[in-house]
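Input: a single structure, listed below in C-alpha cells.
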Amino acid sequence: MQQSRVDRQPAYVLHTQPYRETSLLVEVLTRDYGRFTLVARGARRPRSDLRGLLLPFQPLQLAWFGKGELRTLHTADWRGGVPQFAGARLVTGFYLNELVLRLAARDDPSPALFKLYDRAVRSLVDHALTATVLRRFELALLEELGYAPALTQDHLAQAIAPQARYLCRFGAAPELTDGEQAPRGAANVSGATLVALAAADFEQPQTRREARLLLRLLLDELLGPEPLASRELLTTLYALSD
Amino acid sequence: MKNPPSLDQLIAALKVLPGVGPKSAQRMAFHLLQRDKAGADKLARALDRALLNLRHCERCHTFSETPLCNVCADDKRRQEVLCVVEMPADLLMLEQTRCYDGLYFVLMGRLSPMDGVGPKDIDLERLIARACDGVVAEVIVATNFTAEGEVTAHLIAEMLKAQGLKVTRIARGMPVGGELEYVDPGTLAQAMYERRTLS
C-alpha cells in the first residue's frame, strides 16, 4: 500500500479540536487532496512541537498516512512567510475558514481552491483592502463550486448594459428592471457592477458594495439557514466601531 | 444479558465526561463498584457537595464557595488592574507565577467562530460591568495565544476601548531561558515579527 502515505503536501489548518487525552483533530485544506481530517497524536502535550505549528492561516507542509475517514499526521513542517493573524484580520480569516469548511466537500481535491485560499490569506497579510480580498474570494469560490453567476448576458441573452439595473437570483440570469427595489431572494445591482465582476475588477466602491449584496445572496443559498458565526462576530465589531 | 438499570444509569452518567466513551465509562463503573467502593462513596459525596456549595464569585466569575472568592475579597491586592483569563486553571497558573497582585475576571470560555460559539455565548456584558466600576484603570487581556484566544482578546479590547478603558495584552515571544536553536519555528518567527526596540 504505497499510496497510503503522502509526503510534503502544501496545506493549511482550518480548524482544530481536542481529541482523546493529548491528541488533536485537525481539519486541513491540502493542495492535491482537498479538505479532510487528520489526527495529530500527542499534539496537546505541554511540550509538543506541534503546538506552535498546527495553527490556522499558516502555510504548512504536511505528511500523513492512512486512508478513509481519519488519517494520521506524520510530520508538519513550517513554510512561513505569514505573521499570526490578529484583530480584524483574524475575524476575516475565520470567515474564510468557515466558508471553506461549510461549502467545500470533503476529499474533493481542488488545487484551484487551494490556490484561491492561499492567495486570500497572503493578500490579507499584504494589507490589501479586506473587502476586495473577500469579494474576490467569494466570487472565485462560487465559480470553483460550479455556481458561478451569469455576468455577461441577461435572461433574454442580451449583453449586459452598464447603465441599466438588473435583478439577480440564485441560478438564474440577470433580469432587466426599472426600479431600485429588490424582491425577496433577489439582489438589485447595476449593469456596471456585473460587467466589473465578470472582469474581477473591484476598484470601484460601488462594485464592492453591490457585489457584497449579490455574493451574500448567492452564498446564503448554498449555506442554508444556519448563520455564519464569524459574520455575526463581524457585525458585533462593526457596531462597536460606529 | 442486560445490565441492571442502576448500573446502566451510572455508565451513562460517566459518559458526560469529555473523552469518555461507552467502553471507558463501563470500565470506570466496574472499577468503582468492584474495586474501590470507598472511593466511589467519596466521589459521590464530593460531587454532591460541590454542586450544592459552589457558585460563581460575584466579581470575577470564578468558582467560589462564598459570594466573593478569596482573591476578590483580599483588599491588599491592587484594585485598579483587572486581568482577564479564559478558565480558572489560567488564574491558578498566574497566581503560581507570583508576578501579579491585581484582580481577575474569568470568562469561563472563549469565542470560537468555527464551533459556533459567538459573542452571545460568553458573558461579556458581565465583564464590561465589572471593568466599568470606576476603580479599574487597566484591563490586562491574558487569553490564550490560540486563534480562538486571540479573537476573544480582540473583541474584549474593542468593547473596553469603547468604554474609554486602557487595555493591554500579555506579551508573546521567545520562552524564558529559550535558545534559538531549539525553539519551534512558529514561535521564533512571531518573536521576530513582534521584535521591540532596545532602549
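Points to keep in mind about this one:
- Scanning the range B:123-130 turns up one or more residues that are in a loop (DSSP other than H, G, I, E, B), modelled with pLDDT under 95 and open to solvent by 40 Å² or more (accessible area, probe 1.4 Å).
- Screening A:Leu101 on (1) open to solvent by 30 Å² or more (accessible area, probe 1.4 Å); (2) within 9 Å of another protein chain (Cβ to nearest Cβ); (3) without any contact (Cβ under 8 Å) to a residue 60 or more places away in the chain shows it passes everything except condition (3).
- If you go through the range B:131-167 and keep only what is assigned to a loop (DSSP other than H, G, I, E, B), under 19 Å from A:His15 (Cβ atoms) and either more than 10 Å from chain A (Cβ to nearest Cβ) or β-branched (Val, Ile, Thr) (or both), you end up with B:Thr143, B:Asn144, B:Thr146.
- Verdict on A:Phe137 being away from chain B (no Cβ under 14 Å), modelled with pLDDT of 95 or more and within 24 Å of A:Thr236 (Cβ to Cβ): yes
- Just one of the listed residues (B:Arg126, B:Arg110) is within 14 Å of chain A (Cβ to nearest Cβ) and under 17 Å from B:Glu86 (Cα atoms), and it is B:Arg110.
- Among the residues of the range A:82-98, those that are of a type outside the set (A, V, I, L, M) and either outside any loop (DSSP other than H, G, I, E, B) or more than 9 Å from chain B (Cβ to nearest Cβ) (or both) comprise A:Gly87, A:Arg89, A:Thr92, A:Gly93, A:Phe94, A:Tyr95, A:Asn97, A:Glu98.
- Residue in the range A:55-65 that is polar (S, T, N, Q), in a loop (DSSP other than H, G, I, E, B), open to solvent by 10 Å² or more (accessible area, probe 1.4 Å) and within 12 Å of another protein chain (Cβ to nearest Cβ) present: no
- Helices (runs of 4 or more DSSP H) contained entirely in the range B:5-87, each with at least 2 residues that are open to solvent by 90 Å² or more (accessible area, probe 1.4 Å): B:5-14, B:22-30, B:37-53
- Only a single item in (1) open to solvent by less than 70 Å² (accessible area, probe 1.4 Å); (2) over 21 Å from the mean Cα position of the chain (by Cα) is not met by B:Leu111, and it is number (2).
- A:Arg119 over 17 Å from A:Thr16 (Cβ atoms) and out of contact with any Lys or Arg (no Cβ under 9 Å at 6 or more places or on another chain): no
- Every pair of residues 6+ apart whose Cβ atoms lie under 8 Å, when the first sits in the range B:169-188 and is within 13 Å of chain A (Cβ to nearest Cβ) while the second is open to solvent by 40 Å² or more (accessible area, probe 1.4 Å) and part of a helix (DSSP H, G or I): B:Met174/B:Leu180; B:Met174/B:Leu188; B:Asp184/A:Asp49; B:Asp184/A:Arg51; B:Leu188/B:Leu180
- Any helices (runs of 4 or more DSSP H) falling wholly within the range A:147-242 and containing at least 3 residues that are within 14 Å of another protein chain (Cβ to nearest Cβ) and open to solvent by 70 Å² or more (accessible area, probe 1.4 Å): A:229-241
The values are calculated or read from the model by the stated rules, or taken from the named source; none is laboratory data. Please read these numbers as outputs of a predicted model, since none were measured by experiment. Counting neighbours? That spans all protein chains shown, and the Cβs are built from the backbone with ideal geometry, glycine included. All accessible areas refer to the heavy atoms of the entire protein, side chains included, with ligands and DNA or RNA removed. Shrake-Rupley method; radii C 1.70, N 1.55, O 1.52, S 1.80 Å.
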